[in-house]
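Engineer: Here's a structure for you.
The values are calculated or read from the model by the stated rules, or taken from the named source; none is laboratory data. Note that the structure is a prediction, hence the values are computed from the model and not measured. Here the Cβ positions follow ideal geometry from the backbone for every residue, glycine too, while neighbour counts run over all protein chains shown. In case anyone asks, the SASA skips ligands and DNA or RNA and just uses the protein heavy atoms, side chains included. Shrake-Rupley method; radii C 1.70, N 1.55, O 1.52, S 1.80 Å.
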Amino acid sequence: MLEAENTLYKAEAQMRKGQLSEAATTINTGTRTTRGVLPEVSGTEKNEIADAIHHERVIELAQTGVGLAF
């Protein structure tokens, strides 16, 4: 299991528990803003956080085969 995958699981759990600002912080401390040059997630909208988690999963894990069902 990759560190990026664990981070995204943590962010998802925080989001589902209603800890939106914590989930946003978890997402923003990854490579989203440094390597990805994407804006930070605000942490006020659940949908925004869910979209960011999905986007990060696609980008970070696509080349590893993690989460792909064949």
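Engineer: For a quick check of your reading of the filter: which trypsin sites (Lys or Arg not before Pro) in region 3-46 sit in a DSSP loop and have no more than 14 other Cβ atoms within 10 Å?
Structural biologist: Sites meeting the loop and neighbour criteria: Lys17, Arg35.
Engineer: Ignoring any ligand, DNA or RNA, what whole percent of the accessible area of region 9-64 comes from carbon and sulfur when the probe is 1.4 angstrom?
Structural biologist: 51
Engineer: So, one more: Residue-wise, which Karplus ³J(HN,Hα) couplings in Hz belong to region 39-56, taking 6.51 cos²θ - 1.76 cosθ + 1.60, θ = phi - 60°, and x for glycine or proline?
Structural biologist: x, 5, 7, 6, x, 9, 10, 4, 5, 5, 5, 4, 5, 5, 4, 4, 4, 5
Engineer: Report the label-to-label distance for Leu2 and Leu38 in nanometres (one decimal), using points 7 Å from each Cα along the Cα→Cβ vector.
Structural biologist: 1.3
Engineer: Rounded, prolate or oblate: which fits region 13-61 when a ≥ b ≥ c are the square roots of the eigenvalues of the alpha-carbon gyration tensor, with rounded for a/c under 1.5 and prolate only if a/b beats b/c?
Structural biologist: Prolate.
Engineer: Another one. Suppose each label sits 7 Å from its Cα in the direction of the beta carbon; what would the Arg16-Lys46 distance come out to in nanometres?
Structural biologist: 1.3
Engineer: With every protein chain kept in the model, how would you rank Leu2, Leu20, Leu61 by accessible area, 1.4 Å probe, largest at the top?
Structural biologist: Leu2, Leu20, Leu61
Engineer: Can you give the accessible area of Ser42 in Å² (nearest 10), computed on protein heavy atoms with a 1.4 Å probe?
Structural biologist: 70
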